[in-house]
Amino acid sequence: MGAVLGFVPIIVTLFFFLSILEDSGYMARVAFVMDKPLRKIGLSGRSFVPMLMGFGCTVPAVMATRTLTSERDKKMTILLTPFMSCSAKLPVYALFTAAFFPKYQAAVMIGRYAIGILLGILSGLVISKTAFRGASVPLVMELPNYRFPSPKTVLLLMWDKAKDFTQRAFTVIFLATVSVWFLQSFDIRLNIVANSADSMLATIGRGVSIVFAPLGFTDWRISTGLITGFVAKEAVVSTLAVLTGASVAELGLTLHTLFAPLAAFSFLVFTLLYTPCVAAVSTVRREWGSLPGALFAMLYQTGFAWIVAFGIYQTGRLLTG
């Protein structure tokens with residue numbers, strides 16, 4: 001319940017301001033102004049608003065793509081929105097920048113967002129020339145007059161979006177949360193474990209760690225943290241704290257036993273780019289219209305994240321000898 005309802009204030013707040021912009025007549029002008037830059041990566045100006053909302057939360061950002069009239073533009077926007085770093089990743093960024101880059105915290109934090117935007121542009125160029133060839137739909141719209149937003153319209157839109165998310169995303173989030181709890185609480189013989197290191201989740205983490213070794217993540221606890229991050233990105237921090245036996249306050253020092261600085265930077269980039277949380281994936285499934293589409297989005301984003309993190313880590317190793 002907490003995992004589901006925790007998203008509701010974010011969705012209500014974002015759609016409150018979005019509905020104000022729409023009803024005031026300003027949103028149409030934003031789409032018009034951004035149409036020319038976005039056409040260079042194969043999108044129309046209407047895609048700007050969902051991508052901008054992605055900096056707050058991917059869930060309402062993906063929901064906002066339903067306003068796009070072109071299926072091609074809608075699916076491209078869904079794929080690119082997670083590159084805009086959502087607020088749930090901030091605890092991970094804050095922890096790692098304070099632990100490994102204390103003198104350059106501001107530059108590293110700003111760099112996270114800049115890297116996400118630049119790689120989103122690069123990804124847009126790639127998929128517009130491959131999987132989503134063709135031109136975007138011409139932007140034809142009437143610019144409405146500016147007016148004071150109607151309180152009734154704003155409240156109705158907020159209620160509709162919050163209700164839609166709660167009803168449709170609850171089942172998926174509930175099942176994913178229970179699954180992670182079960183895997184973290186029992187071993188392969190279905191005995192309750194006193195130490196999470198003996199759980200089925202830890203066993204899975206050890207197996208998956210082979211995939212992440214080329215990125216510099218050699219410890220199984222890191223892989224396990226990334227798995228739980230699929231439920232909620234902020235869970236990466238709490239999972240690492242539980243598995244290392246350190247409090248959240250002490251975790252910064254403990255991380256130095258798991259990461260070298262280069263591997264920590266690679267981890268930050270991977271966390272920035274890999275598949276968003278299960279709530280966002282559930283929303284992608286609904287807006288895309290099929291489960292295979294949501295799985296494709298997950299695999300594409302995770303594969304892209306792996307390639308970029310691999311390139312950063314291996315290049316850094318070559319340069320540093």
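How big is D for the stretch 61-156, in µm² s⁻¹ as a whole number, if Stokes-Einstein is applied with the Kirkwood radius of its Cα pairs at 37 °C and 0.692 mPa s?
Working: Rh = 16.7 Å.
Estimated diffusion coefficient is 197 µm²/s.
Which of rounded, prolate or oblate describes the stretch 207-250 when judged by the alpha-carbon gyration tensor and an a/c cut-off of 1.5? Note, shape of the stretch 207-250 comes out oblate.
Cross-link partners of LYS40 among aspartates and glutamates, defined as those whose alpha carbon lies under 15 angstrom from its own and excluding same-chain residues fewer than eight positions apart: ASP73.
Fraction of C-alpha pairs exceeding 31 angstrom in the chain: 35 percent, rounded to a whole number.
For the stretch 223-321, the gyration tensor built on C-alpha atoms gives an oblate shape. Its axis ratio a/c (a ≥ b ≥ c) is at least 1.5, and a/b is not larger than b/c. Dipole check for the chain: with +1 at the C-beta of Lys and Arg, -1 at the C-beta of Asp and Glu, and the Cα centre as origin, the magnitude is about 700 Debye.
Relative contact order, percent, of the stretch 211-321 when contacts are C-alpha pairs under 8 Å separated by at least 6 residues?
Details: 106 pairs, mean separation 35.0, N = 111.
Computed value for the stretch 211-321: 31 percent relative contact order.
Angle of helix 278-288 to the longest C-alpha principal axis of the chain, folded into 0 to 90 degrees and rounded to 10: 40°. Helical runs (DSSP H, four residues minimum) scored at -39500 (n - 2.57) apiece and divided by the length of the chain put the mean residue ellipticity at 222 nm at -22000 deg cm²/dmol. In the chain, taking the dipole from charged Cβ atoms about the Cα centre, the farthest positive-side position among PRO50, LEU258, SER199 is held by PRO50. When peptides 275-284, 121-130, 308-317, 236-245 are sorted by average Cβ neighbour count within 10 Å, with the highest value leading, the order is 275-284, 236-245, 308-317, 121-130. For LYS161, the lysines whose Cα falls under 19 Å of its own Cα, not counting residues fewer than eight places away in the same chain, are LYS74, LYS152.
Going from the residue with the fewest nearby Cβ atoms within 10 Å to the one with the most, SER85, SER47, SER209, SER223 rank SER209, SER223, SER85, SER47. Spatially, the stretch 286-311 and the stretch 89-132 are offset by 17 Å when compared through their Cα centroids. Cut-off 20 Å, label point 7 angstrom out along Cα-to-Cβ of THR320: give me the residues of the stretch 235-264 whose amide nitrogen falls inside. 252-264, by backbone N distance to the label point.
Efficiency by 1/(1 + (r/R0)^6): what FRET value for LEU156 and VAL33, r their Cβ-Cβ distance, R0 = 25 Å, to the nearest 0.05?
Working: r = 27 Å, r/R0 = 1.10.
FRET efficiency, LEU156 to VAL33: 0.35.
The HN-Hα couplings worked out from phi for the stretch 148-153 by the Karplus form 6.51 cos²θ - 1.76 cosθ + 1.60 (θ = phi - 60°) are 6, x, 7, x, 5, 5 Hz, whole numbers, x standing for Gly and Pro. Does the stretch 4-131 classify as rounded, prolate or oblate by the C-alpha gyration tensor (a ≥ b ≥ c root eigenvalues; a/c under 1.5 gives rounded; else a/b over b/c gives prolate, otherwise oblate)? Oblate, since a/c reaches 1.5 and b/c is not below a/b. Put the Cα centre of the stretch 235-283 next to the Cα centre of the stretch 176-213 and the gap is 17 Å.
None of the figures in this text is laboratory data; all of them are computed from the coordinates on show. Keep in mind that this is a model prediction, so the values were computed, not measured. Heads up, the Cβs are rebuilt from the backbone with ideal geometry, glycines too, and the neighbour counts pull from every protein chain shown.
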